[in-house]
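Nothing in this text is a laboratory measurement; each read-out follows from the coordinates by a stated rule. Because the structure is a prediction, the values reported are computed rather than measured. Cβ atoms come from the backbone with ideal geometry, glycine included; neighbour counts cover every protein chain shown.
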Amino acid sequence: MSKLHEFQVTVEWTGNQGTGTSGYRAYSREHVISGAGKPALAGSSATAFRGDASRYNPEELLIAALSACHMLSYLHLCAVNEVVITAYSDPAEGEMALDADGAGRFTSVTLKPRVTVTAESDKATALRLHDEAERLCFIANSVNFPVHHAPEIIG
C-alpha cells in the first residue's frame, strides 16, 4: 500500500439510567457517534437487542457504509466515463445470522442502486460501471461476506 489514511470517530454511551449495567434491563443502549466538526449521530442497538428504533444501529450503519462507498465509487467512475447521473438512491438490505450463544455475523448485503442517467448517457456503460465500483469500494473490500448489487438504470 502506498498511502495510509486515518479516520477517527468518538462513540459515547449515554444510556446510564442511574445504576449503570447492574442488570440486562437496567441500562439503555443509547449512544452518540461524533467526529470533529460534524453533527452528532444518535445510535442504539437494534430493537431485537433492546434498542431504540428511532436511532441508527450498528447493523444499519454497516449497510449504509457499504452503500455510500459503492455510490461514491460509482459516481466517480461515471464522471470519468462520461455517464451523467442525475439521481441515485439505494434501498440496501443486509442479512445477519445469530448463533445460539448470541454471537452473530452478516451473511450478505445486497445493494439495489436506482440510477437515473441523462438520455445522452450510455446505459450499458452505466450498468457495467457498477462492477468496477464494487471492485474499488474500500468498505466492501474490508468485509468478509458477499456484497451483491442489483442495479437499475433509468433514463
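Residue-by-condition table, conditions (1) touching a Phe, Trp or Tyr at 6+ places or on another chain (Cβ under 9 Å); (2) touching a residue at least 24 places away in the same chain (Cβ under 8 Å):
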site	(1), (2)
ALA65	no, yes
CYS69	yes, yes
TYR74	yes, yes
LEU77	no, yes
TYR88	yes, yes
GLU95	yes, no
LEU98	no, no
VAL115	yes, yes
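For the residues VAL109, VAL32, the requirement of being in contact with an Asp or Glu (Cβ under 6 Å, 6 or more places away or on another chain) and within 28 Å of GLU12 (Cα to Cα) singles out VAL32. Within the range 49-86, if we keep just the residues that are in a helix (DSSP H, G or I) and of a type in the set (D, E, K, R), the residue that is surrounded by the fewest Cβ atoms within 10 Å (Cβ to Cβ) turns out to be GLU60.
Please enumerate the residues belonging to the range 6-39 that are in a loop (DSSP other than H, G, I, E, B) and within 19 Å of LEU62 (Cβ to Cβ). The answer is PHE7, GLN8, VAL9, ARG29, GLU30, GLY35, LYS38.
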